[in-house]
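Here is the structure we will look at, set down as structure tokens.
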Amino acid sequence: MTVRDIFETMSYGPAPESDAEAQAWLEKHDRRFGNFIDGAFTKPGATFATRNPATGHELAQVTQATAEDVTAAVAAARKAQPKWAGLSGHQRAKVLYALARLVQKHARLLAVLETLDNGKPIRESRDIDVALVARHFYYHAGLAQLLASEQPGMAPLGVCGQIIPWNFPLLMLAWKVAPALAAGNSVVLKPAEYTSLTALLFAEISREAGLPPGVLNIVTGDGATGAALVEAEVDKIAFTGSTEVGRRIRTATAGRGIALTLELGGKSPYIVFEDADIDSAVEGLVDAIWFNQGQVCCAGSRLLVQEGIAERFHDKLKRRMDGLRLGDPLDKCIDVGAVVDPVQLKTITEMVDGNTEGETYRAETALPEGCFYPPTLITGLEPSSRLMQEEIFGPVLVSTTFRTPAEAVALANSSRYGLAASIWSENINLALDIAPKLAAGVVWVNGTNMFDAAAGFGGIRESGFGREGGWEGLLAYLEPDAKARALKPVAPNPEPATPQAPALDRTAKMYVGGKQARPDSGYSRPVWGPKGALLGHVGEGNRKDIRNAVEAAHKAGGWARASGHNRAQVLYYIAENLSARAGEFAARLQAMTGGQGEAEVEAAIARLFAYAAWADKFDGAAKSVPIRGIALAMNQPCGVIGALCPDEAPLLGLISVMAPAIAMGNACVLVPSFAHPLAATDFYQVLDTSDLPAGVVNIVTGDPADLAKTLAGHMDVDAVWSFSSADLSALVERESAGNLKRSWVNNGRARDWFGAEGEGREFLRQATEVKTVWVPYGE
Ligand code: NAI
């Protein structure tokens, strides 16, 4: 036997990590845990077993928290929050820094406990999960320190309910808890029922770090506990988990005036072009789909490989799969560990066994007894095949081929999800052309599954909304520090007892796809002045009109690609044309509302100038991530925004909503004030003469109460805003659950459209999605 033969045939000996310390910690707690409320563990209630999925052995009994337990935890959080928020940023930073230090100090114990409870390889929990947890707390100690100077005028939300999954138990805790605490909120967190232990250990560590009692509370239990937390008196819910539960939470929180972020499922494309470094792309797949047994929301689970290299690529991949080592997750030589629970193993098995399409290849590797699933590749699927569309959440890669870059983009985007994507190509020109075209919140160029506390993470479409990480993640735990004033309803002027005949009866049209449009219903209603003058008629829009407007908005997709400079020019031009007719608009406003119109028109012109200014200045960022490379945070338009405009300032309100939306490259469907609609219908004449491409702004008049449902429920609308009457907030949020579009509603709070509340970054943030594009470089 030659030395070479020896090297090639040598196999790895076991290198198990000791679990003695973790077992001792469990023993210290008699392997029975209560909840962690107000700084202490409660007496265990009814409990359930949490097991090591690799062996099936019970690790401990964990409490199934009741609704009363959740209420107690929320009460403790409520009591503790003002004092925590009242500390200086520096004082909070010191506690977060202590947490980071203690996570490092207890890194080994945390990693082993995580692996025991979840089944992930110790290499991953040690080198990735726990390392990222420490990084997260360090980073957020910094955000706490800088918060007051960098985000003036912002305040914490209050008590945050956080519900996390089992795939990255401690890391998801860190992603949720660190920004919440940095911002001055208190927390009630519910870990997943399969993996509660590291959250309980973290709770203990938080005491050691000097976190005041009540600021962080942990309630354990299953979905029923999660549902109780969603129903509790919290100010925000942050959820990571399945799209199905996310949708349920969206519905359950609708109309309650609480903030919500959802990080849901995915079916992320992994696109390999023929000029890719193939060996790296194959190796990348090991991290994309076999990392954490494929139980990763952003797993590169959908391989799209260019036709010319597909066969060679699949062959290399199969050889690499055969080399993956499955087994005891505590063994440092193991690549693929145990699936989290027999229930999940059954789901994966049934999905793969139920598939009759393509060719299935299972890695020729020894499969240990128990909760293990072999690395699997299914080639030759159709883009519409069930397994190409649905999340398997296991070590199963599905694959199809494409011919051209345009086809790759179309296939990649043919998914209801939009979480992440990988692009493999040595051609930087191609990669950077494709990255902005992908419907995903995160894009990795020549890489996969890169994460950092400084870089935003989160999805679009049915992958949810909101970002975690970076300043954008912190902002999801803050709100403008303004006194809430109740919105006063504004009703249309009533029909007078003896109506006066107008000089000339005019029925204002709607504006769809750059053209005047008659309402589908064929009906219109009169608009009266405060003294009984008939000012004109306005079309009664219906569902069909909304659908037409959404379709027209979709056709205006080119606007998203126009440069900021170009969009600014159009906004200036609109301002100029409005200014030319200022007197006419002022008179119209006065005739409808009885108030002074000049000031509103002036403010509207200034607002158009403001967003013309912003159009090329709402910059993204190059994030300071610890890799050789860059992570670009790009502000991209949401797509089509549907907005119910305010009644309080019929022209200024409409422009305050429209201008940020179009400045950022969105197309929009606007439903103007019901009480005073005519300023909006006059306004389309201004739009018509301002070089605005057809379909970028569409105006549908009608009763918002009738139109809101169609607009908020429309599957092709990407975000919906409501500044209309208070009672529409709940409806809009509830209907938005269909495609999980982002929503932004007034919840009955008035806004001063003339002042700072009516303009600025809050609007720009709502009009954009942060896409993080990672571009590592060097050898
Ligand atoms: P899940 O969405 O049911 O569980 C996630 C968390 O939500 C857990 O803490 C759970 O107890 C809680 N929960 C469940 N029902 C709830 C309710 N009605 N109200 C409030 N909280 C509730 O996910 P599950 O059942 O563990 O996994 C099912 C599938 O979900 C997986 O196969 C995978 O496809 C997907 N998933 C996606 C994750 C992601 O990171 N995007 C993470 C976990 C699962």
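The values are calculated or read from the model by the stated rules, or taken from the named source; none is laboratory data. Just so it is clear, the model here is predicted, and its values are computed rather than measured. Note that each Cβ is placed from the backbone with ideal geometry, even for glycine, and that neighbours are counted across all protein chains shown. All accessible areas refer to the heavy atoms of the entire protein, side chains included, with ligands and DNA or RNA removed. Shrake-Rupley method; radii C 1.70, N 1.55, O 1.52, S 1.80 Å.
Overview of values
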read-out: Residue pairs meeting the criteria (Cβ under 7 Å; at least 6 apart or on separate chains; first without any contact (Cβ under 8 Å) to a residue 40 or more places away in the chain, in the stretch 696-711; second open to solvent by 20 Å² or more (accessible area, probe 1.4 Å) and not polar (S, T, N, Q)); value: LYS709/LEU731; LYS709/GLU735
read-out: Pick from the stretch 255-275, criterion surrounded by fewer than 21 Cβ atoms within 10 Å (Cβ to Cβ) and closer than 15 Å to SER743 by Cβ, ranking: farthest from the ligand (Cβ to nearest atom); value: GLY257
read-out: Qualifying residues in the stretch 418-475 (those that are in a loop (DSSP other than H, G, I, E, B) and acidic (Asp, Glu)) - the one farthest from GLY639 (Cα to Cα); value: GLU426
read-out: Total residues in the stretch 231-249, condition touching a Lys or Arg at 6+ places or on another chain (Cβ under 9 Å), open to solvent by 20 Å² or more (accessible area, probe 1.4 Å) and near the ligand (Cβ under 8 Å from one of its atoms); value: 0
read-out: Residue list for the stretch 293-315, restricted to those being away from the ligand (no atom under 12 Å from the Cβ), among the aliphatic types (A, V, I, L, M) and not in a strand (DSSP E or B); value: ILE309, ALA310
read-out: Positions within the stretch 62-121 being among the aromatic types (Phe, Trp, Tyr) and out of contact with any strand residue (DSSP E or B) (no Cβ under 7 Å at 6 or more places or on another chain), in sequence order; value: TYR97
read-out: Total residues in the stretch 329-354, condition within 11 Å of the ligand (Cβ to nearest atom), over 18 Å from SER125 (Cβ atoms) and touching a helix residue (DSSP H, G or I) at 6+ places or on another chain (Cβ under 9 Å); value: 2
read-out: Residue ID - farthest from the ligand (Cβ to nearest atom), chosen from residues in the stretch 369-387 that are over 21 Å from GLN293 (Cβ atoms) and surrounded by fewer than 17 Cβ atoms within 10 Å (Cβ to Cβ); value: GLY380
read-out: Filtered residue count, the stretch 624-682, keeping only those that are of a type in the set (Phe, Trp, Tyr) and free of Cβ contacts under 8 Å to residues at least 60 places away in the same chain; value: 0
read-out: Residue in the stretch 189-196 that is within 11 Å of the ligand (Cβ to nearest atom) and hydrophobic (A, V, I, L, M, F, W, C) present; value: yes
read-out: Top-ranked residue in the stretch 123-172 [being among the acidic types (Asp, Glu) and away from the ligand (no atom under 16 Å from the Cβ); ranked as least open to solvent (accessible area, probe 1.4 Å)]; value: ASP127
read-out: Single condition THR498 does not satisfy, out of (1) in a loop (DSSP other than H, G, I, E, B); (2) β-branched (Val, Ile, Thr); (3) surrounded by 21 or more Cβ atoms within 10 Å (Cβ to Cβ); value: (3)
read-out: ASN449, sole failed condition from (1) touching a Pro at 6+ places or on another chain (Cβ under 8 Å); (2) polar (S, T, N, Q); (3) within 30 Å of ALA180 (Cα to Cα); (4) within 16 Å of the ligand (Cβ to nearest atom); value: (1)
read-out: Residue list for the stretch 532-560, filter: at pLDDT below 95 and either assigned to a helix (DSSP H, G or I) or under 30 Å from LYS437 (Cβ atoms) (or both); value: GLY557
read-out: Output for the stretch 90-122, where each listed residue is among the charged types (D, E, K, R), over 15 Å from ASN167 (Cβ atoms) and crowded, with 19+ Cβ neighbours inside 10 Å; value: ARG92
read-out: Identity of the residue in the stretch 246-266, touching a Phe, Trp or Tyr at 6+ places or on another chain (Cβ under 7 Å) and among the hydrophobic types (A, V, I, L, M, F, W, C), that ends up nearest to VAL70 (Cα to Cα); value: ILE249
read-out: Residue satisfying condition, being hydrophobic (A, V, I, L, M, F, W, C), in contact (Cβ under 8 Å) with a residue 40 or more places away in the chain and closer than 17 Å to PHE402 by Cβ, within set ILE309, ILE348, ILE271, ILE289; value: ILE271
read-out: From PRO646, PRO650, residue being open to solvent by less than 20 Å² (accessible area, probe 1.4 Å) and touching a Phe, Trp or Tyr at 6+ places or on another chain (Cβ under 6 Å); value: PRO646
read-out: Any pair with Cβ under 7 angstrom, 6 or more apart, that starts in the stretch 199-227 at a residue that is without any contact (Cβ under 8 Å) to a residue 12 or more places away in the chain and ends at one that is within 12 Å of the ligand (Cβ to nearest atom); value: none
read-out: Candidates ALA252, ALA228, filtered to the one that is farther than 30 Å from SER414 by Cα and within 16 Å of the ligand (Cβ to nearest atom); value: ALA228
read-out: Pair list, Cβ under 8 Å, 6 or more apart: the stretch 584-599 residue farther than 16 Å from ALA675 by Cα and among the aliphatic types (A, V, I, L, M), other residue open to solvent by 50 Å² or more (accessible area, probe 1.4 Å) and part of a loop (DSSP other than H, G, I, E, B); value: ALA586/GLN596; ALA599/PHE754
read-out: One residue from ALA613, ALA622 being at pLDDT 95 or above and open to solvent by less than 60 Å² (accessible area, probe 1.4 Å); value: ALA613
read-out: Yes/no for ASP315 being surrounded by fewer than 17 Cβ atoms within 10 Å (Cβ to Cβ) and under 15 Å from TRP424 (Cα atoms); value: no
read-out: Residue count for the stretch 536-550, restricted to those that are open to solvent by 40 Å² or more (accessible area, probe 1.4 Å) and touching a strand residue (DSSP E or B) at 6+ places or on another chain (Cβ under 9 Å); value: 2
read-out: Output for the stretch 1-42, where each listed residue is small (Gly, Ala, Ser) and under 22 Å from ARG126 (Cβ atoms); value: GLY13, ALA15, SER18, ALA20, ALA22, ALA24
read-out: The lone exception for VAL490 - which of (1) buried (at least 23 other Cβ atoms within 10 Å of the Cβ); (2) within 26 Å of GLY653 (Cα to Cα) it fails; value: (1)
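Results for (1) open to solvent by 60 Å² or more (accessible area, probe 1.4 Å); (2) within 15 Å of the ligand (Cβ to nearest atom); (3) among the hydroxyl-bearing types (Ser, Thr, Tyr); (4) within 24 Å of GLY358 (Cα to Cα), shown as yes or no for each residue.
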{"position": "GLN389", "(1), (2), (3), (4)": "no, yes, no, yes"}
{"position": "PHE402", "(1), (2), (3), (4)": "no, no, no, yes"}
{"position": "VAL409", "(1), (2), (3), (4)": "no, no, no, yes"}
{"position": "TYR417", "(1), (2), (3), (4)": "no, yes, yes, yes"}
{"position": "SER425", "(1), (2), (3), (4)": "no, no, yes, no"}
{"position": "ILE434", "(1), (2), (3), (4)": "no, no, no, no"}
